[in-house]
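Working notes, structure below.
Every read-out reported here was derived from the displayed coordinates using simple, explicitly stated rules and does not represent laboratory data. Model, not experiment: these values are computed from the prediction. Ideal geometry is used to build each Cβ from the backbone, glycine not excepted, and the neighbour counts take in all protein chains shown.
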Amino acid sequence: MAKNRAASTDAGSAYHHGDLKRALVSAALTLLTEKQDWDFSLREVTRVAGVSHNAPYNHFVDKRDLLAAVAAASHEMLLARMQAAATSVDARDAAGALAAIGEAYVHFGTENPARYRLMFGTALVTSENDLPPIVAESAARAKTVLRDIVLRGALDGTFAVSPADAEAMDLAVLSAWSIV
């Protein structure tokens with residue numbers, strides 16, 4: 001009997017991760033990078049992650065939910081690159097920081113085309129034209145980097161927008177995001 005329990009523990013250990021959710025997102029990112037598309041199945045994700053085929057349902061409702069987590073992780077990666085780019089130039093150079101962010105954004109898209117399409121395409125958009133909250137929140141965090149640069153430029157006169165005009169600031173941030 002002890003042998004069977006040990007055998008089942010050994011066999012079951014492949015299914016127990018310290019962070020199953022992260023392992024599944026990582027496996028999905030691996031497949032997304034390999035295939036350059038998200039036409040893989042949840043079963044393929046579990047195979048790459050080394051977990052049971054039912055494991056994703058402990059954290060994700062369905063494949064779309066997993067893809068939303070992948071898109072959110074991708075937005076966080078883009079955010080990190082944008083922050084690094086913004087701090088790579090003189091803090092007083094808002095125009096230079098904006099250019100560096102734009103360059104980082106373009107490099108991210110060319111280095112990660114499938115991630116980029118998932119993040120900014122229509123695959124995750126609902127019939128109400130909304131994104132899953134996890135994606136919308138991570139995308140908003142990335143836009144805060146732009147907002148900070150636009151605000152800095154507005155305050156020092158580099159950009160012709162009033163920092164007190166919330167609507168004009170929103171439009172300036174949208175313009176900065178869209179110009180790339």
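Taking only Cα atoms, what is the 0 to 90° angle, nearest 10, from helix 2-13's long axis to the longest principal axis of the chain?
In the chain, helix 2-13 runs at an angle near 20 degrees to the longest axis.
Relative to the longest principal axis of the C-alpha atoms of the chain, give the angle of the C-alpha long axis of helix 20-35, reported between 0 and 90° and rounded to the nearest 10°.
It works out to around 70 degrees.
Which order, highest average first, do 31-44, 95-108 follow once you tally other Cβ atoms within 10 Å for each residue and take the mean per peptide? Each step should come with its number before you reach the end.
Details: 31-44: 15.1, 95-108: 18.0.
My ranking of the peptides, most packed first, is 95-108, 31-44.
Show that you can apply the helix-only estimate: for the chain, add -39,500 (n - 2.57) for every DSSP H stretch of four or more residues, divide by all residues, and state [θ] at 222 nm to the nearest 500. Mind dumping the intermediate values first?
Values: 8 runs with 125 residues, N = 180.
Theoretical 222 nm ellipticity from helices: -23000 deg cm²/dmol.
Using the Cα centre as the reference, give the magnitude of the dipole from point charges on the C-beta atoms of region 81-180 (Lys, Arg: +1; Asp, Glu: -1; all else neutral), rounded to the nearest 20 debye. Numbers along the way, then the final one.
Details: 8 positive and 12 negative charges, 61 e Å.
For this selection, approximately 300 debye.
Using the alpha-carbon atoms, what tilt in degrees (0 to 90, nearest 10) does helix 63-87 show relative to the longest principal axis of the chain?
With both axes taken from Cα atoms, the answer is about 40 degrees.
Under unit Cβ charges (Lys, Arg +1; Asp, Glu -1), what dipole magnitude, rounded to 20 debye, does the chain have relative to its Cα centre? Please report the intermediate quantities before stating the final value.
Values: 17 positive and 21 negative charges, 167 e Å.
In debye, rounded to 20, the chain gives about 800.
For Rg and Dmax of the Cα atoms in Å, pick the label among (i) 25.5, 78; (ii) 20.8, 78; (iii) 17.0, 48 that corresponds to the value derived from the coordinates.
(ii)
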